[in-house]
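Structure, as structure tokens:
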Amino acid sequence: MDVSGQPSGLRVPQASFDTALDVLGLTKLSTSAVTRYATQLLMSTPERGPRGKHVVGLHDVEDFTLQSQAPLPFQMDGDHLGLRKSVTFTGVRRALRVIV
């Protein structure tokens, strides 16, 4: 289950430029877990993405916050912005034009 109580990973591959923010994360970063989820991601479809107990996914959310127990280095576009224990990301619809 993801943090909203929905089945993990089933919605995240539906990310598009027409929706709000999407997040895909792993709660375990062992070599075997990353390999398994990377393989699932490469073979994913819009209806089914990576799944498992260590997958966290959010789809079409206006904002989300990442938190850590200890301060961690934070970068944005390659610029070091100091140590942070909490960072909130907010999506701004139609903020930039994407040409495909």
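Just a few scattered comments:
- For Gln67, neighbours were defined as the other residues whose beta-carbon sits under 10 Å from its Cβ, and their charges (Lys and Arg +1, Asp and Glu -1) total +2.
- Shape class of the chain from the alpha-carbon gyration tensor: oblate, with a/c at 1.5 or above and b/c at least as large as a/b.
- Modelled spin-label separation between Thr45 and Gln14, with each label point placed 7 Å from Cα along the Cα-to-Cβ direction: 1.5 nm.
- Amide N of segment 26-60 lying under 17 Å from the label point, which is placed 7 angstrom from the Cα of Ala70 along Cα→Cβ: 29
Just so you know, all these numbers are worked out from the coordinates, no wet-lab data involved. These numbers come from a predicted model, not from an experiment. Note that we place each Cβ from the backbone using ideal geometry, even for glycine, and neighbour counts take in every protein chain shown.
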